[in-house]
Structure formats: structure tokens, C-alpha cells
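Read the structure below first, then the notes.
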Amino acid sequence: NDPGALGFYPGKDEADINLAVSQKLVSELKSQGASVLMLTPGSTMASRLAAARAFNPHVLVSVHSNTNAKSSPKGTEVYYFYSFQKALASNVSSGIAKALNTDNRSGTSGLYYMTRESQFACTLAELGFLTNEDEYTRLISSKTQTKIANGIANAINSYLAGVGSGGGSYDEDE
């Protein structure tokens, strides 16, 4: 059970930020008519993945925040393992980066339990760097968290719309 990284202010650490964004994302997706299962924070990855498999989702987005030993790194990174997950990862990375007004470090292949063991489109989204004070300050803002959740929801919708058409890229400016 990884409590996540600590931020600059008490009570505003990774777990708090990720939970707030996730709850806003669930609300946004449900308001659009989606069937959504939010996996229990604090449960094991194996139990989360088992619950996800039982739910049989089209997509799964695992929400996290990044850290670095240096304070200068910034940006959104979204990981995938299988090639069929790449378009979702790219869409989500773009949606978060636009909402947070930060660098889009893009969808990147990575060996993570959730993406590797899933049997559906799954990404691990690192919203931004808690060790970058400017990015952290934006991440703890409720308004920014709502923008991030909406950016992820739009990215998911774009991905799902494109799955059957061979497309699926998300560009808010199109």
C-alpha cells in the first residue's frame, strides 16, 4: 500500500490530489451517461485489477502524480504496455497537459502491473510533478482538478469514438 508522495503542504499529498481528480472524473463520466467503477483507494493492485476485470470496462485510467529528486521536471506522463493502449495513453496525456497547462511528455511504454496485466485499454496517468512547486500548486487547486478530470473524460470519449473508426486521437483544437 503506497501512500504516495508528499507535497509542500500538509493534507495536500499525492493520495489527496489523485482521489479528488478521480472523484471529479467519475462524476463527469457519469454525467455523460457512462457506467463507471471507481476502484477503492488503498486496496491492492491485484484486488483493483480483479474488480476491474469483473466490471469488464472498455478503458481503465489509473490516476497518479509524479515526483523527481530534482524540482525542475514538469509535465504529464501517461504509461501503457500493449500497443492497443497507446492511443488511449496519448489522448489522456494530451488532455491532462492541456488542462494543467504543462508539458505533454506523451504516452510512453512502461512495464506497470495495471497496464501489463489488464485485458483492456488501460493507462497509468501521472498528472504532474509534486516536486515542482508551480505544478504542485496547480494540482491542489479544485478548479484545476476539475479541468484535469474533464480533460481525461474528453480524452476517453475521443478514444472510444475512434476505436471503431481506426482513429481516436484527441485534439481539443480540432
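Note that region 81-95 has calculated 3J(HN,Hα) couplings of 10, 8, 4, 5, 8, 4, 4, 5, 4, 5, 4, 5, 4, 5, x Hz, one per residue in order, obtained from phi through the Karplus relation 6.51 cos²θ - 1.76 cosθ + 1.60 (θ = phi - 60°); glycine and proline are x. Summing Lys and Arg as +1 and Asp and Glu as -1 over all other residues whose Cβ lies under 13 Å from the Cβ of Ser142 gives a net charge of +4.
A simple spin-label model places pseudo-atoms 7 Å from Cα toward Cβ; at Met38 and Tyr82 they are separated by 2.7 nm.
Using the Cβ-Cβ distance between Ser141 and Ser106 with R0 set to 25 Å, the FRET efficiency works out to roughly 0.55. Counted over the chain, the DSSP beta bridges are approximately 20% antiparallel. Approximating the spin labels as points 7 Å out from Cα along Cα→Cβ, the Phe55-to-Arg116 distance works out to 2.3 nm. For the chain, the number of Lys pairs with C-alpha atoms closer than 15 Å, counting only pairs eight or more positions apart or on separate chains, is 6.
Shown for the chain: the carbon plus sulfur share of the solvent-accessible area, taken with all protein chains present and a 1.4 angstrom probe, equals 49%. For Ala161 and Glu133, the FRET efficiency from 1/(1 + (r/R0)^6), where r spans their Cβ atoms and R0 equals 41 Å, is about 0.65.
Between Ser109 and Tyr80, the built amide H atoms are under 5 Å apart, and every one of these is 5 or more places off in sequence or on another chain.
Distant-in-sequence amide contacts of Ser65, defined by a placed amide H-H separation under 5 Å and a gap of 5 or more residues or a different chain, comprise Leu127.
Based on protein heavy atoms only, region 20-67 ends up with 55 Å² per residue of surface accessible to a 1.4 Å probe.
The values are calculated or read from the model by the stated rules, or taken from the named source; none is laboratory data. No experiment lies behind these values; they were computed from the predicted model shown. Heads up, the Cβs are rebuilt from the backbone with ideal geometry, glycines too, and the neighbour counts pull from every protein chain shown. Note: accessible area is taken over every heavy atom of the protein model, side chains too, but ligands, DNA and RNA are not part of it. Shrake-Rupley method; radii C 1.70, N 1.55, O 1.52, S 1.80 Å.
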